[in-house]
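Participant: I am attaching a structure below and will ask some questions about it afterwards.
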Amino acid sequence: MKLTRIIPLLLALALLCGCSAMPFTTPEEQQAAQQAAEAAKLENQSRADPREALQTDLQFSRLLVNSAGVTLAEYQVRFPYFSKNGQKAQSFTRINEYYQNELAGLNQDADSLFTSAKEAYGPDWDTVTEADKRFFVNISYQLPQAPEGYLCVQCDFSVCENGQAEQYSQAQVFLLDNGWRLTLEALLGSDYETAAPMLLADILQWCGDNGVQVTNPEKRTLEEFSDSYALTGEGFVFYTQPFQLNNKDANRYSIPISLSAYRKMLELG
């Protein structure tokens with residue numbers, strides 16, 4: 001990961017310095033090489049602002065409406081969609097494709113919600129004249145300020161099934177150099193083995209400081225917490241699932257971890 005970011009700059013510097021390992025016999029070849037190196041250097045140094053590249057929303061909307069015209073359930077989604085022109089166009093195209101694929105997979109989830117609504121209303125669901133039970137899913141997003149070179153998309157869920165309401169968040173982190181979503185292991189690269197026990201200790205420390213009981217903390221691993229994480233200018237945020245920390249605790253938690261101990265690992269200075 002980090003090597004990928006460094007190689008273009010090293011090549012550019014080698015070309016600009018007239019490295020003897022890459023000789024050019026004519027002034028025209030030397031000029032062309034310098035121009036190519038400068039273009040590579042500028043691309044490497046370019047900083048695309050995801051907020052400026054944000055073009056519109058990808059939207060998905062389905063309603064369960066019965067024959068009496070009553071809306072019994074709603075499924076609404078908004079994901080980001082970025083301009084495919086300008087800086088990092090290829091990266092933003094790849095990020096758009098990621099969320100387009102996510103949208104394509106939500107039809108089945110909407111079907112499941114609608115089936116639950118029909119079952120709750122019973123055999124006469126298609127003729128009821130009043131929606132006295134709440135069934136909805138609303139997924140929206142925001143773009144937390146991420147460190148330079150990264151994009152973080154936080155997805156916020158508001159879900160209600162027959163009166164059982166829940167709100168929670170998940171997140172995805174992308175590298176703007178290529179648009180690929182980063183696992184925590186890919187993000188930290190060769191520093192992952194060093195960072196993993198530190199991050200786990202920080203997570204458990206936060207739980208202890210906030211009165212959140214963790215079952216068998218000595219047996220926990222970072223992998224349990226790394227499926228959904230955010231990366232912001234201040235640090236990491238790890239999102240837990242119900243009963244993940246304790247089989248008697250159905251709460252979800254958003255656990256913030258300061259970035260200060262990990263900045264050098266991410267080459268953030």
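Participant: Mind checking the full-extension length gain between residue 101 and residue 209? Use 0.36 nm per residue of separation minus the Cα-Cα distance, one decimal, nm.
Facilitator: On the way: separation 108, 0.36 × 108 = 38.88 nm, distance 3.90 nm.
Contour length minus Cα-Cα distance gives 35.0 nm.
Participant: I need the phi-derived Karplus couplings for region 204-218: 6.51 cos²θ - 1.76 cosθ + 1.60, θ = phi - 60°, integer Hz, Gly and Pro marked x.
Facilitator: Couplings: 5, 5, 4, 4, x, 5, 10, x, 9, 6, 10, 6, 6, x, 5 Hz.
Participant: Same structure, new question: Quick one: Karplus J couplings for region 88-99, per residue in order, coefficients 6.51, -1.76, 1.60, θ = phi - 60°, nearest Hz, x for Gly and Pro?
Facilitator: With the stated coefficients, region 88-99 comes to 6, 4, 5, 5, 5, 4, 5, 5, 4, 4, 4, 6 Hz.
Participant: Next question, about the same structure. Between residue 112 and residue 129, what is 0.36 nm times their sequence separation minus the Cα-Cα distance? Round to one decimal in nm. Mind dumping the intermediate values first?
Facilitator: Numbers: separation 17, 0.36 × 17 = 6.12 nm, distance 2.22 nm.
Contour length minus Cα-Cα distance gives 3.9 nm.
Participant: Consider just the alpha-carbon atoms of region 87-233 and return their Rg together with their Dmax, both in angstrom.
Facilitator: That works out to 20.0, 61 Å for Rg and Dmax.
Participant: Given R₀ = 22 Å, FRET efficiency for residue 249-residue 156 by Cβ-Cβ distance, to 0.05?
Facilitator: Step by step, r from the Cβ atoms, then E = 0.55.
Participant: Sticking with this one: Skipping prolines and chain starts, which residues have an amide H placed within reach, meaning under 5 Å, of the one on residue 265, given they are 5 or more residues away or on another chain?
Facilitator: none
Participant: Once amide H atoms are placed 1.01 Å from N in the peptide plane, what residues at a sequence separation of 5 or more from residue 58, or on another chain, have their amide H within under 5 Å of its amide H?
Facilitator: Hits under the 5 Å cutoff: 79, 81.
Participant: Let me ask something additional. Rounded to a whole number, what % of the accessible area of region 128-168 do carbon and sulfur atoms account for, probe 1.4 Å? Show your work: numbers first, answer last.
Facilitator: Numbers: 820 of 2160 Å².
C and S fraction of accessible area: 38 percent.
Participant: When the Kirkwood radius is taken over all Cα pairs of region 59-129, what Stokes-Einstein diffusion coefficient follows at 25 °C and 0.890 mPa s, in µm²/s?
Facilitator: Working: Rh = 14.3 Å.
Taking Rh from Cα pairs, D becomes 172 µm²/s.
Participant: Step through the residues of region 64-72 one at a time and calculate ³J(HN,Hα) from phi using the Karplus curve (6.51 cos²θ - 1.76 cosθ + 1.60, θ = phi - 60°), rounding each to whole Hz and writing x for Gly and Pro.
Facilitator: These are the phi-based 3J(HN,Hα) values: 9, 10, 8, 5, 8, x, 9, 7, 9 Hz.
Participant: Here's a follow-up. So between residue 164 and residue 261, what do we pick up on full extension, going 0.36 nm a residue minus the alpha carbon distance?
Facilitator: Working: separation 97, 0.36 × 97 = 34.92 nm, distance 3.95 nm.
Roughly 31.0 nm would be gained on extension.
Participant: Under a 5 Å amide H to amide H cut-off, with H placed in plane at 1.01 Å, what residues pair with residue 171 once short-range neighbours are removed?
Facilitator: 155, 229
Participant: At 7 Å along Cα-to-Cβ for each site, give me the label-to-label distance between residue 67 and residue 143 in nm.
Facilitator: 4.8
The values are calculated or read from the model by the stated rules, or taken from the named source; none is laboratory data. Please read all numbers here as calculations on a predicted model, not as lab measurements. Positions of Cβ are backbone-derived with ideal geometry, glycine not excepted, and every protein chain shown enters the neighbour counts. For accessibility, only protein heavy atoms count, side chains too; no ligands or nucleic acids. Shrake-Rupley method; radii C 1.70, N 1.55, O 1.52, S 1.80 Å.
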